[in-house]
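The values are calculated or read from the model by the stated rules, or taken from the named source; none is laboratory data. Quantities reported herein were computed from a predicted structural model and do not represent experimental measurements. All Cβ positions, even for glycine, are placed from backbone atoms using ideal geometry, and neighbour counts span all protein chains on display.
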Amino acid sequence: MKTLTLRTATAVSLLALACGCSSGPSADGGKREGPLKSYAPAERKQAPAWSGKTVDSKNIDLADYRGKVVVVNAWASWCGPCRVEAPGLSRVNKEMKSEGVAVVGMNVDASVSNARSFEQDKKLSYPSLYDPSGRKLLHMPKGLAIPTNYPYTLFFDRKGRIAASYIGPIAESKVKSIVTRLTKE
C-alpha cells in the first residue's frame, strides 16, 4: 500500500510540474494563479502575427479578429484533455459571439486526417490554424512562457494584446469568466 501511495504522490507531483501549476507572481511579472497567468492592461504584449491555413486549406489570420476578445486554444487529436475541453470551447464560441468573443484553435497535430476527424467528431464551431510543427507557438513575445504541453490557451483583448494564458485543460466556466472580464474592459 505504501508503494501505491508513493507512486500516486509522485504522479500527482509530476503532473503538477508538467501542467506548470504554481501560485503567486511569476518571474516575468504576470500574476499566476495555478495554471492561469494574467496581465494588467498596461503590461500586455501584442499578439504574434499568426496566419496560415486550416486542415481544409482555408486561410486564417489572427489579425482578422482584432476588435474581438479572442481565445486561442492549442490542441492535438492525441491529447486527452484537449478532447474533453473542445465541446466547452465550441459552446463559448457560439454563445458569446454576439458579445464580440471568438475562439480560434491552433492545431499542432502531425496528421491532417486525425486533425480533421477530431474537428468533425467534436463538432468544433471555430476554425483551427494548422501548425503540425508547433512552430507558430514559438513566436511568442519575449518574456511569455512558450507552451511545452497541451492544451494551452491564450486570451487576447480587443486590442490584440495577450491578456492571459492558461496551461493545461480549462473548464468552460473558467473560459467564460476570463472572456466576460475582458469584454467589459
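Considering only the range 54-68, state which residues are closer than 19 Å to Met140 by Cβ and surrounded by 15 or more Cβ atoms within 10 Å (Cβ to Cβ).
Filtering the range 54-68 for residues closer than 19 Å to Met140 by Cβ gives 60-63, 65-66.
Result: Ile60, Leu62, Tyr65.
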ask   = Looking at Thr148, Thr180, which is the one that is within 19 Å of Arg44 (Cα to Cα) and hydroxyl-bearing (Ser, Thr, Tyr)?
value = Thr180
ask   = Of all residues in the range 36-55 being farther than 24 Å from Ser98 by Cβ and touching a Pro at 6+ places or on another chain (Cβ under 9 Å), which is modelled with the lowest pLDDT?
value = Pro48
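Quick one: how many residues across the range 100-117 are closer than 13 Å to Asp56 by Cα, free of Cβ contacts under 8 Å to residues at least 60 places away in the same chain and either out of contact with any helix residue (DSSP H, G or I) (no Cβ under 7 Å at 6 or more places or on another chain) or of a type in the set (Ser, Thr, Tyr) (or both)? Lay out the reasoning, then the answer.
Start the filter on the range 100-117 by keeping residues that are closer than 13 Å to Asp56 by Cα, which leaves 107, 111-117.
If we keep only those that are free of Cβ contacts under 8 Å to residues at least 60 places away in the same chain as well, we get 107, 111-114, 117.
Restricting the remaining residues to those that are either out of contact with any helix residue (DSSP H, G or I) (no Cβ under 7 Å at 6 or more places or on another chain) or of a type in the set (Ser, Thr, Tyr) (or both) gives 111-114, 117.
Looking only at that region, the number is 5.
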inquiry  = List the residue pairs whose Cβ atoms are under 7 Å apart, where the first residue sits in the range 118-132 and is farther than 14 Å from Val55 by Cα and touching a residue at least 12 places away in the same chain (Cβ under 8 Å), the second is aliphatic (A, V, I, L, M) and part of a helix (DSSP H, G or I), and the two are 6 or more positions apart or on different chains.
reply    = Lys122/Ala86
Cross-chain or 6+ apart pairs with Cβ under 8 Å, the range 157-185 first and closer than 27 Å to Trp78 by Cβ and in a strand (DSSP E or B), then at pLDDT 95 or above and among the aromatic types (Phe, Trp, Tyr) = Ile162/Phe155; Ile162/Phe156; Ala164/Phe155; Ser165/Phe155; Tyr166/Phe155
request  = Report, ordered by the first and then the second residue, all pairs with beta carbons closer than 7 Å, sequence separation of six or more or different chains, a first member in the range 87-99 that is among the acidic types (Asp, Glu), and a second member that is assigned to a helix (DSSP H, G or I) and surrounded by fewer than 18 Cβ atoms within 10 Å (Cβ to Cβ).
outcome  = Glu99/Thr183
inquiry  = Tally up the residues in the range 67-118 that are outside any strand (DSSP E or B), under 17 Å from Arg158 (Cα atoms) and not hydroxyl-bearing (Ser, Thr, Tyr), please.
reply    = 8
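Answer yes or no as to whether Lys136 is touching a Phe, Trp or Tyr at 6+ places or on another chain (Cβ under 7 Å) and surrounded by 16 or more Cβ atoms within 10 Å (Cβ to Cβ). Before the answer, list the steps.
Values: touching a Phe, Trp or Tyr at 6+ places or on another chain (Cβ under 7 Å): yes; surrounded by 16 or more Cβ atoms within 10 Å (Cβ to Cβ): yes.
Against the criterion (touching a Phe, Trp or Tyr at 6+ places or on another chain (Cβ under 7 Å) and surrounded by 16 or more Cβ atoms within 10 Å (Cβ to Cβ)), Lys136 qualifies.
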